[in-house]
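Here's the structure, in C-alpha coordinates; my notes come after.
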Amino acid sequence: MSESNGKSSRQNEEDLGLYFLDVCRRGGPTEMEEDEEEAPTELNTINSSGGFVVVSTDKLSVKYPTLNLHGHDVGVIQANKAAPTKRLIYYFEIYVKDAGVKGQIAIGFTSDTFKMRRQPGWEANSCGYHGDDGYLYRGHGKGEHFGPKYTSGDVVGAGINYAAHEFFFTKNGQVVGTIYKDMKGPLFPTIAVHSQNEEVHVNFGQKPFTFDLKEFEAQERMKQQLKIEEIPVPANISYGRIVRSYLLHYGYEDTLNSFDVASRSTVPPIYIAQENGIDEEEITYALNHRKTLRQLIRDGEIDDAFGKLREWYPQIVEDNTSATCFLLHCQKFIELVRVGALEEAVKYGRIELSSFFGLPVFEDLVQDCVALLAYERPLESSVGYLLKDSQREVVADTVNAMILSTNPNMKESKNCLHSYLERLLRQLTACCLERRSLSGEQGEAFQLQRVLSSGKRN
(Lines give C-alpha, C1' and ligand atoms only; values in the text may rest on other atoms or scores of the structure.)
Protein backbone atom coordinates (compact mmCIF):
# COMPACT_ATOMS: atom_id res chain seq x y z
CA MET A 1 0.00 0.00 0.00
CA SER A 2 1.38 3.40 -0.93
CA GLU A 3 1.75 6.14 1.68
CA SER A 4 -1.09 8.14 0.12
CA ASN A 5 -3.40 5.12 0.17
CA GLY A 6 -2.49 4.46 3.78
CA LYS A 7 -3.38 8.01 4.77
CA SER A 8 -6.65 7.77 2.87
CA SER A 9 -7.54 4.53 4.65
CA ARG A 10 -6.80 6.01 8.06
CA GLN A 11 -8.82 9.10 7.20
CA ASN A 12 -11.79 6.95 6.21
CA GLU A 13 -11.57 5.05 9.50
CA GLU A 14 -11.43 8.33 11.43
CA ASP A 15 -14.44 9.68 9.55
CA LEU A 16 -16.46 6.54 10.28
CA GLY A 17 -15.43 6.56 13.92
CA LEU A 18 -16.38 10.22 14.39
CA TYR A 19 -19.82 9.53 12.95
CA PHE A 20 -20.51 6.85 15.57
CA LEU A 21 -19.10 9.03 18.34
CA ASP A 22 -21.71 11.63 17.41
CA VAL A 23 -24.43 8.94 17.48
CA CYS A 24 -23.31 8.05 21.02
CA ARG A 25 -23.51 11.68 22.09
CA ARG A 26 -27.14 11.76 20.99
CA GLY A 27 -27.82 8.64 23.04
CA GLY A 28 -28.65 6.75 19.85
CA PRO A 29 -30.40 7.79 16.63
CA THR A 30 -33.51 9.73 17.62
CA GLU A 31 -35.87 12.02 15.81
CA MET A 32 -35.82 15.71 16.54
CA GLU A 33 -39.03 16.95 18.05
CA GLU A 34 -40.16 20.51 17.67
CA ASP A 35 -41.16 22.59 20.67
CA GLU A 36 -44.82 22.44 21.57
CA GLU A 37 -46.63 25.52 20.34
CA GLU A 38 -48.94 27.60 22.45
CA ALA A 39 -52.50 27.42 21.15
CA PRO A 40 -55.37 29.87 21.66
CA THR A 41 -57.15 29.40 24.98
CA GLU A 42 -59.35 32.48 25.32
CA LEU A 43 -60.38 35.78 23.73
CA ASN A 44 -58.00 38.73 23.73
CA THR A 45 -59.77 41.49 25.65
CA ILE A 46 -56.91 43.93 25.12
CA ASN A 47 -56.90 43.91 21.31
CA SER A 48 -60.61 44.20 20.50
CA SER A 49 -63.13 46.78 19.31
CA GLY A 50 -63.66 48.12 22.78
CA GLY A 51 -67.19 49.32 23.63
CA PHE A 52 -68.85 47.35 20.86
CA VAL A 53 -68.38 44.02 22.64
CA VAL A 54 -68.89 42.75 26.14
CA VAL A 55 -66.68 39.78 27.00
CA SER A 56 -67.58 37.32 29.75
CA THR A 57 -65.30 36.91 32.76
CA ASP A 58 -64.05 33.55 31.45
CA LYS A 59 -63.11 35.27 28.17
CA LEU A 60 -64.96 32.65 26.13
CA SER A 61 -68.21 34.51 25.33
CA VAL A 62 -68.87 37.80 23.58
CA LYS A 63 -72.03 39.90 23.20
CA TYR A 64 -72.98 43.00 21.16
CA PRO A 65 -74.81 45.17 23.71
CA THR A 66 -76.01 48.16 21.70
CA LEU A 67 -77.41 49.34 18.37
CA ASN A 68 -74.94 49.77 15.52
CA LEU A 69 -75.06 53.13 13.83
CA HIS A 70 -72.36 52.64 11.22
CA GLY A 71 -70.87 49.84 9.12
CA HIS A 72 -67.63 50.08 11.04
CA ASP A 73 -69.28 49.68 14.46
CA VAL A 74 -68.32 46.02 14.47
CA GLY A 75 -67.73 44.11 17.68
CA VAL A 76 -64.70 42.07 16.61
CA ILE A 77 -62.27 40.15 18.78
CA GLN A 78 -59.32 37.84 18.22
CA ALA A 79 -58.02 34.89 20.19
CA ASN A 80 -55.18 35.48 22.63
CA LYS A 81 -52.76 33.42 20.50
CA ALA A 82 -52.23 32.87 16.80
CA ALA A 83 -53.30 29.55 15.32
CA PRO A 84 -50.52 26.96 15.75
CA THR A 85 -48.73 26.13 12.50
CA LYS A 86 -46.81 22.94 13.35
CA ARG A 87 -49.73 20.58 13.03
CA LEU A 88 -51.82 19.00 10.33
CA ILE A 89 -54.99 20.97 11.11
CA TYR A 90 -56.04 23.77 13.44
CA TYR A 91 -59.74 24.26 14.27
CA PHE A 92 -62.07 26.14 16.63
CA GLU A 93 -65.86 26.55 16.98
CA ILE A 94 -68.49 29.03 18.10
CA TYR A 95 -71.96 28.37 19.47
CA VAL A 96 -74.48 31.03 18.45
CA LYS A 97 -76.44 31.57 21.65
CA ASP A 98 -78.39 34.49 20.18
CA ALA A 99 -78.42 35.74 16.57
CA GLY A 100 -79.69 39.12 17.78
CA VAL A 101 -81.53 41.58 15.55
CA LYS A 102 -79.74 40.96 12.25
CA GLY A 103 -77.60 37.85 12.73
CA GLN A 104 -74.47 39.64 11.48
CA ILE A 105 -72.11 37.16 13.09
CA ALA A 106 -68.84 36.12 11.46
CA ILE A 107 -66.10 33.59 12.12
CA GLY A 108 -62.69 33.37 10.47
CA PHE A 109 -59.04 34.31 10.66
CA THR A 110 -57.26 37.67 10.65
CA SER A 111 -53.66 38.89 10.80
CA ASP A 112 -52.07 40.74 13.71
CA THR A 113 -52.43 44.04 11.81
CA PHE A 114 -56.17 43.66 11.24
CA LYS A 115 -58.31 46.75 11.90
CA MET A 116 -60.46 45.84 14.90
CA ARG A 117 -63.54 47.69 13.65
CA ARG A 118 -64.21 45.62 10.56
CA GLN A 119 -65.76 42.23 9.88
CA PRO A 120 -63.24 39.41 9.22
CA GLY A 121 -62.90 39.16 5.44
CA TRP A 122 -63.50 42.86 4.77
CA GLU A 123 -59.80 43.71 4.99
CA ALA A 124 -56.63 42.32 3.41
CA ASN A 125 -55.12 39.27 5.15
CA SER A 126 -58.45 38.19 6.58
CA CYS A 127 -61.26 35.82 5.73
CA GLY A 128 -64.63 35.18 7.28
CA TYR A 129 -67.80 33.11 6.93
CA HIS A 130 -70.81 35.35 7.68
CA GLY A 131 -74.07 34.16 9.22
CA ASP A 132 -76.52 36.74 7.85
CA ASP A 133 -75.97 35.84 4.20
CA GLY A 134 -73.87 32.65 4.21
CA TYR A 135 -71.24 34.46 2.15
CA LEU A 136 -67.50 34.08 2.41
CA TYR A 137 -65.45 37.25 2.46
CA ARG A 138 -61.71 37.31 1.90
CA GLY A 139 -59.73 40.50 1.59
CA HIS A 140 -62.49 42.90 0.48
CA GLY A 141 -66.08 43.87 1.13
CA LYS A 142 -67.57 41.84 -1.71
CA GLY A 143 -68.57 38.37 -0.65
CA GLU A 144 -69.03 35.16 -2.61
CA HIS A 145 -71.65 32.45 -2.35
CA PHE A 146 -70.30 29.84 0.03
CA GLY A 147 -72.73 28.08 2.35
CA PRO A 148 -75.94 28.25 4.35
CA LYS A 149 -76.79 31.06 6.73
CA TYR A 150 -76.50 30.33 10.43
CA THR A 151 -78.46 31.60 13.41
CA SER A 152 -79.35 30.95 17.06
CA GLY A 153 -78.54 27.40 18.18
CA ASP A 154 -76.06 26.68 15.40
CA VAL A 155 -72.47 25.60 15.97
CA VAL A 156 -70.09 26.99 13.38
CA GLY A 157 -66.39 26.18 13.03
CA ALA A 158 -63.34 27.49 11.20
CA GLY A 159 -60.12 25.65 10.52
CA ILE A 160 -56.82 25.64 8.66
CA ASN A 161 -55.81 22.52 6.77
CA TYR A 162 -52.07 23.03 6.42
CA ALA A 163 -51.57 19.91 4.32
CA ALA A 164 -54.07 21.07 1.68
CA HIS A 165 -53.26 24.80 2.10
CA GLU A 166 -56.93 25.50 2.74
CA PHE A 167 -59.32 27.20 5.11
CA PHE A 168 -62.44 25.20 5.86
CA PHE A 169 -65.67 26.03 7.65
CA THR A 170 -68.31 23.85 9.28
CA LYS A 171 -71.88 24.13 10.43
CA ASN A 172 -73.40 21.77 12.99
CA GLY A 173 -70.66 19.19 12.53
CA GLN A 174 -70.58 19.17 8.73
CA VAL A 175 -68.06 20.76 6.40
CA VAL A 176 -69.64 23.71 4.56
CA GLY A 177 -66.77 24.33 2.16
CA THR A 178 -63.09 25.09 1.67
CA ILE A 179 -61.05 27.90 0.11
CA TYR A 180 -57.39 28.22 -0.79
CA LYS A 181 -55.26 29.64 2.00
CA ASP A 182 -53.45 32.59 0.43
CA MET A 183 -52.77 34.51 3.65
CA LYS A 184 -49.29 34.69 5.13
CA GLY A 185 -47.93 35.24 8.61
CA PRO A 186 -49.54 34.54 12.01
CA LEU A 187 -53.31 34.14 11.75
CA PHE A 188 -55.63 34.66 14.71
CA PRO A 189 -58.98 32.95 15.20
CA THR A 190 -61.47 35.80 15.02
CA ILE A 191 -65.19 36.29 15.66
CA ALA A 192 -67.42 39.31 15.11
CA VAL A 193 -70.88 40.44 16.20
CA HIS A 194 -72.64 43.43 14.62
CA SER A 195 -76.22 43.83 15.81
CA GLN A 196 -77.97 44.19 19.16
CA ASN A 197 -78.04 41.16 21.47
CA GLU A 198 -75.88 38.96 19.25
CA GLU A 199 -74.03 36.56 21.55
CA VAL A 200 -71.65 33.69 20.84
CA HIS A 201 -69.60 31.27 22.93
CA VAL A 202 -66.23 30.14 21.61
CA ASN A 203 -64.66 26.69 21.98
CA PHE A 204 -60.90 26.52 21.54
CA GLY A 205 -60.84 22.85 22.42
CA GLN A 206 -61.53 23.12 26.14
CA LYS A 207 -64.47 20.80 25.48
CA PRO A 208 -65.30 18.32 22.69
CA PHE A 209 -66.07 19.84 19.31
CA THR A 210 -69.37 19.22 17.54
CA PHE A 211 -67.31 18.57 14.41
CA ASP A 212 -65.42 15.24 14.38
CA LEU A 213 -61.93 16.67 14.02
CA LYS A 214 -60.13 13.34 14.55
CA GLU A 215 -62.05 11.70 11.72
CA PHE A 216 -61.34 14.69 9.48
CA GLU A 217 -57.62 14.41 10.24
CA ALA A 218 -57.72 10.67 9.52
CA GLN A 219 -59.36 11.32 6.17
CA GLU A 220 -56.73 13.92 5.33
CA ARG A 221 -53.93 11.48 6.12
CA MET A 222 -55.63 8.89 3.94
CA LYS A 223 -55.76 11.39 1.06
CA GLN A 224 -52.01 11.92 1.41
CA GLN A 225 -51.41 8.18 1.49
CA LEU A 226 -53.49 7.66 -1.66
CA LYS A 227 -51.52 10.38 -3.45
CA ILE A 228 -48.32 8.56 -2.57
CA GLU A 229 -49.72 5.24 -3.79
CA GLU A 230 -50.70 6.84 -7.10
CA ILE A 231 -47.05 7.59 -7.88
CA PRO A 232 -45.90 5.05 -10.49
CA VAL A 233 -43.09 2.77 -9.37
CA PRO A 234 -40.72 1.18 -11.93
CA ALA A 235 -41.56 -2.47 -12.46
CA ASN A 236 -38.00 -3.63 -11.75
CA ILE A 237 -37.93 -2.30 -8.17
CA SER A 238 -37.87 -5.11 -5.64
CA TYR A 239 -38.94 -4.16 -2.13
CA GLY A 240 -37.81 -7.55 -0.92
CA ARG A 241 -34.34 -6.81 -2.22
CA ILE A 242 -34.20 -3.56 -0.27
CA VAL A 243 -35.19 -5.34 2.95
CA ARG A 244 -32.69 -8.08 2.18
CA SER A 245 -29.94 -5.50 1.72
CA TYR A 246 -30.71 -4.11 5.20
CA LEU A 247 -30.26 -7.53 6.79
CA LEU A 248 -27.05 -8.10 4.85
CA HIS A 249 -25.64 -4.70 5.75
CA TYR A 250 -26.00 -5.27 9.49
CA GLY A 251 -24.99 -8.91 9.49
CA TYR A 252 -28.34 -10.38 10.55
CA GLU A 253 -27.53 -13.68 8.86
CA ASP A 254 -30.07 -15.84 10.68
CA THR A 255 -32.90 -13.39 10.04
CA LEU A 256 -31.76 -13.13 6.43
CA ASN A 257 -32.00 -16.88 5.99
CA SER A 258 -35.50 -16.90 7.51
CA PHE A 259 -36.50 -14.01 5.26
CA ASP A 260 -35.25 -15.84 2.18
CA VAL A 261 -37.20 -18.98 3.13
CA ALA A 262 -40.38 -16.98 3.75
CA SER A 263 -39.95 -15.03 0.52
CA ARG A 264 -39.67 -18.03 -1.78
CA SER A 265 -43.44 -18.33 -2.03
CA THR A 266 -44.10 -14.59 -2.47
CA VAL A 267 -41.03 -13.00 -4.03
CA PRO A 268 -39.49 -14.28 -7.27
CA PRO A 269 -35.85 -15.31 -6.68
CA ILE A 270 -33.26 -12.85 -7.97
CA TYR A 271 -29.77 -14.11 -8.60
CA ILE A 272 -28.08 -11.02 -10.00
CA ALA A 273 -25.54 -9.28 -7.79
CA GLN A 274 -26.86 -5.80 -8.45
CA GLU A 275 -30.42 -4.50 -8.81
CA ASN A 276 -31.76 -0.94 -8.50
CA GLY A 277 -28.29 0.27 -7.51
CA ILE A 278 -27.94 -2.34 -4.76
CA ASP A 279 -24.58 -4.06 -4.92
CA GLU A 280 -24.86 -7.12 -2.71
CA GLU A 281 -21.21 -8.03 -3.18
CA GLU A 282 -20.28 -5.05 -1.03
CA ILE A 283 -22.58 -5.93 1.85
CA THR A 284 -22.22 -9.72 1.72
CA TYR A 285 -18.56 -9.25 2.67
CA ALA A 286 -17.56 -11.02 5.92
CA LEU A 287 -21.20 -11.71 6.73
CA ASN A 288 -20.56 -14.53 9.20
CA HIS A 289 -17.82 -12.58 11.03
CA ARG A 290 -20.05 -9.53 11.32
CA LYS A 291 -22.93 -11.66 12.60
CA THR A 292 -20.71 -13.23 15.26
CA LEU A 293 -19.27 -9.93 16.47
CA ARG A 294 -22.67 -8.24 16.58
CA GLN A 295 -24.06 -11.03 18.74
CA LEU A 296 -21.08 -10.89 21.12
CA ILE A 297 -21.46 -7.14 21.59
CA ARG A 298 -25.24 -7.39 22.01
CA ASP A 299 -24.62 -10.02 24.72
CA GLY A 300 -22.11 -7.74 26.47
CA GLU A 301 -19.17 -10.08 25.72
CA ILE A 302 -16.72 -7.30 24.89
CA ASP A 303 -13.52 -9.23 25.73
CA ASP A 304 -14.54 -11.97 23.29
CA ALA A 305 -15.35 -9.34 20.66
CA PHE A 306 -11.91 -7.77 21.11
CA GLY A 307 -10.34 -11.23 20.77
CA LYS A 308 -12.17 -11.99 17.51
CA LEU A 309 -11.25 -8.59 16.07
CA ARG A 310 -7.57 -9.11 16.91
CA GLU A 311 -7.73 -12.50 15.22
CA TRP A 312 -9.77 -11.56 12.13
CA TYR A 313 -9.23 -7.82 11.60
CA PRO A 314 -6.16 -6.71 13.59
CA GLN A 315 -5.92 -3.52 11.54
CA ILE A 316 -9.15 -2.26 13.11
CA VAL A 317 -7.85 -2.47 16.68
CA GLU A 318 -4.12 -1.95 16.18
CA ASP A 319 -4.49 1.72 17.17
CA ASN A 320 -5.74 1.56 20.76
CA THR A 321 -6.66 5.28 20.65
CA SER A 322 -9.00 4.92 17.67
CA ALA A 323 -12.70 5.71 17.97
CA THR A 324 -13.56 2.02 17.53
CA CYS A 325 -11.29 0.90 20.36
CA PHE A 326 -12.56 3.77 22.49
CA LEU A 327 -16.18 2.70 22.08
CA LEU A 328 -15.31 -0.92 22.81
CA HIS A 329 -13.39 0.04 25.97
CA CYS A 330 -16.27 2.25 27.06
CA GLN A 331 -18.70 -0.60 26.50
CA LYS A 332 -16.55 -2.97 28.56
CA PHE A 333 -16.59 -0.41 31.38
CA ILE A 334 -20.38 -0.04 31.00
CA GLU A 335 -20.90 -3.83 31.12
CA LEU A 336 -19.02 -3.98 34.43
CA VAL A 337 -21.27 -1.26 35.83
CA ARG A 338 -24.31 -3.15 34.51
CA VAL A 339 -23.50 -6.23 36.62
CA GLY A 340 -22.48 -4.19 39.69
CA ALA A 341 -18.74 -4.95 39.46
CA LEU A 342 -17.84 -1.39 40.40
CA GLU A 343 -14.36 -2.05 41.80
CA GLU A 344 -13.42 -3.91 38.64
CA ALA A 345 -14.92 -1.09 36.58
CA VAL A 346 -12.74 1.44 38.40
CA LYS A 347 -9.62 -0.65 37.75
CA TYR A 348 -10.53 -1.09 34.08
CA GLY A 349 -11.20 2.62 33.73
CA ARG A 350 -7.82 3.53 35.21
CA ILE A 351 -6.06 1.22 32.78
CA GLU A 352 -8.01 1.62 29.54
CA LEU A 353 -10.06 4.83 29.73
CA SER A 354 -7.43 7.06 31.34
CA SER A 355 -5.53 7.34 28.07
CA PHE A 356 -8.53 9.07 26.50
CA PHE A 357 -8.72 11.83 29.11
CA GLY A 358 -7.55 15.15 27.73
CA LEU A 359 -8.42 14.21 24.16
CA PRO A 360 -11.22 16.65 23.20
CA VAL A 361 -12.94 14.26 20.79
CA PHE A 362 -13.43 11.66 23.57
CA GLU A 363 -13.52 13.68 26.77
CA ASP A 364 -17.28 14.23 27.15
CA LEU A 365 -18.10 10.55 26.59
CA VAL A 366 -15.38 9.44 29.00
CA GLN A 367 -16.87 11.72 31.63
CA ASP A 368 -20.35 10.29 31.02
CA CYS A 369 -19.03 6.76 31.47
CA VAL A 370 -17.20 7.59 34.69
CA ALA A 371 -20.27 9.43 35.97
CA LEU A 372 -22.13 6.12 36.05
CA LEU A 373 -20.20 5.33 39.23
CA ALA A 374 -21.63 8.35 41.03
CA TYR A 375 -25.25 7.17 41.05
CA GLU A 376 -26.96 4.54 43.17
CA ARG A 377 -29.44 4.02 40.31
CA PRO A 378 -27.40 5.01 37.25
CA LEU A 379 -30.08 3.86 34.77
CA GLU A 380 -32.34 6.65 36.07
CA SER A 381 -29.60 9.29 35.81
CA SER A 382 -28.75 11.72 33.03
CA VAL A 383 -26.12 9.26 31.77
CA GLY A 384 -28.44 6.27 31.98
CA TYR A 385 -28.62 6.10 28.18
CA LEU A 386 -25.24 4.33 28.28
CA LEU A 387 -26.81 1.34 30.06
CA LYS A 388 -29.54 0.81 27.48
CA ASP A 389 -29.40 -1.88 24.79
CA SER A 390 -29.35 0.88 22.16
CA GLN A 391 -25.82 1.74 23.28
CA ARG A 392 -24.71 -1.83 22.57
CA GLU A 393 -26.27 -1.50 19.12
CA VAL A 394 -24.27 1.65 18.40
CA VAL A 395 -21.03 -0.14 19.28
CA ALA A 396 -22.06 -3.16 17.20
CA ASP A 397 -22.87 -0.85 14.27
CA THR A 398 -19.46 0.76 14.63
CA VAL A 399 -17.64 -2.57 14.42
CA ASN A 400 -19.88 -3.67 11.56
CA ALA A 401 -19.07 -0.52 9.57
CA MET A 402 -15.36 -0.84 10.26
CA ILE A 403 -15.31 -4.42 8.97
CA LEU A 404 -17.21 -3.39 5.82
CA SER A 405 -14.63 -0.65 5.30
CA THR A 406 -11.87 -3.29 5.03
CA ASN A 407 -13.52 -4.71 1.91
CA PRO A 408 -11.18 -3.81 -0.99
CA ASN A 409 -14.20 -3.74 -3.32
CA MET A 410 -16.12 -1.18 -1.26
CA LYS A 411 -16.55 1.79 -3.61
CA GLU A 412 -17.16 4.51 -1.01
CA SER A 413 -16.56 4.44 2.73
CA LYS A 414 -19.86 6.25 3.40
CA ASN A 415 -21.65 3.14 2.10
CA CYS A 416 -20.49 1.41 5.29
CA LEU A 417 -22.58 3.70 7.49
CA HIS A 418 -26.12 3.10 6.28
CA SER A 419 -28.04 0.39 4.48
CA TYR A 420 -29.86 1.16 1.22
CA LEU A 421 -33.16 1.13 3.10
CA GLU A 422 -31.91 3.76 5.54
CA ARG A 423 -30.63 5.90 2.72
CA LEU A 424 -34.09 5.83 1.13
CA LEU A 425 -35.64 6.88 4.44
CA ARG A 426 -33.11 9.68 4.86
CA GLN A 427 -34.01 10.90 1.38
CA LEU A 428 -37.71 10.75 2.29
CA THR A 429 -37.01 12.82 5.39
CA ALA A 430 -35.03 15.41 3.41
CA CYS A 431 -37.79 15.73 0.81
CA CYS A 432 -40.53 16.14 3.42
CA LEU A 433 -38.54 18.77 5.31
CA GLU A 434 -37.88 20.65 2.08
CA ARG A 435 -41.57 20.52 1.20
CA ARG A 436 -42.45 21.97 4.59
CA SER A 437 -39.81 24.66 4.15
CA LEU A 438 -41.39 25.70 0.85
CA SER A 439 -44.70 26.05 2.74
CA GLY A 440 -43.20 28.65 5.04
CA GLU A 441 -42.51 26.05 7.78
CA GLN A 442 -46.26 25.64 8.22
CA GLY A 443 -47.89 22.30 8.64
CA GLU A 444 -47.26 19.17 10.64
CA ALA A 445 -43.68 18.69 11.76
CA PHE A 446 -42.16 15.68 10.00
CA GLN A 447 -41.53 12.61 12.15
CA LEU A 448 -40.41 9.49 10.35
CA GLN A 449 -41.74 7.13 13.01
CA ARG A 450 -45.23 8.59 12.67
CA VAL A 451 -45.10 8.22 8.87
CA LEU A 452 -44.02 4.58 9.14
CA SER A 453 -46.66 3.82 11.78
CA SER A 454 -49.34 5.45 9.64
CA GLY A 455 -48.32 3.41 6.60
CA LYS A 456 -48.40 0.21 8.65
CA ARG A 457 -51.95 0.93 9.89
CA ASN A 458 -53.12 1.75 6.38
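The values are calculated or read from the model by the stated rules, or taken from the named source; none is laboratory data. Here the structure is a predicted model, which means the values were calculated and not measured. Don't worry about glycine lacking a Cβ; one is built from the backbone with ideal geometry, like all the others, and counts go over all protein chains shown. These accessible areas exclude ligands, DNA and RNA; they are computed on the full protein's heavy atoms, side chains included. Shrake-Rupley method; radii C 1.70, N 1.55, O 1.52, S 1.80 Å.
Some notes on this structure:
- Between 0 and 90°, nearest 10: helix 287-298 axis offset from the chain longest Cα axis: 70
- Three-way shape call for the range 118-208 based on the alpha-carbon gyration tensor, with the a/c threshold at 1.5: rounded
- Trypsin sites (Lys or Arg not before Pro) within the range 122-187, DSSP loop, no more than 16 other Cβ atoms inside 10 Å: K142, K149, K184
- Computed magnitude of the charge dipole of the chain (debye, nearest 20; Cβ of K, R +1, Cβ of D, E -1): 1280
- Straight-line reach from K411: taking Cα to Cα under 19 Å and skipping same-chain neighbours fewer than 8 places apart, the lysines in range are K7.
- To the nearest ten degrees, helix 420-438 and the longest principal axis of the Cα atoms of the chain are 30 degrees apart.
- Portion, in percent, of the accessible area of the range 273-405 that falls on carbon or sulfur, probe 1.4 Å: 49
- The residues neighbouring L428, those whose beta-carbon lies less than 12 Å from its own, together hold a net charge of +1 under the Lys/Arg +1, Asp/Glu -1 convention.
- Reported label for calculated volume of the Cα convex hull per residue in Å³ given (i) 208; (ii) 170; (iii) 181: (i)
- Against the chain, whose longest principal axis is taken from its Cα atoms, helix 448-457 shows a tilt of about 80°.
- Summing charges over all other residues whose Cβ lies under 14 Å from the Cβ of A374, with Lys and Arg as +1 and Asp and Glu as -1, gives -2.
- Exposure of S48 as accessible area (Å², to 10), given a probe of 1.4 Å and all protein chains: 30
- Among the listed pairs K171/K227; K308/K414; K184/K414, those with a Cα-Cα distance over 31 Å are K184/K414.
- Among L404, C416, F216 the positive-end extreme of the charge dipole of the chain (Cβ point charges): F216
- Other residues whose C-beta falls under 13 angstrom from the C-beta of K184 contribute a net charge of -2, scoring Lys and Arg +1 and Asp and Glu -1.
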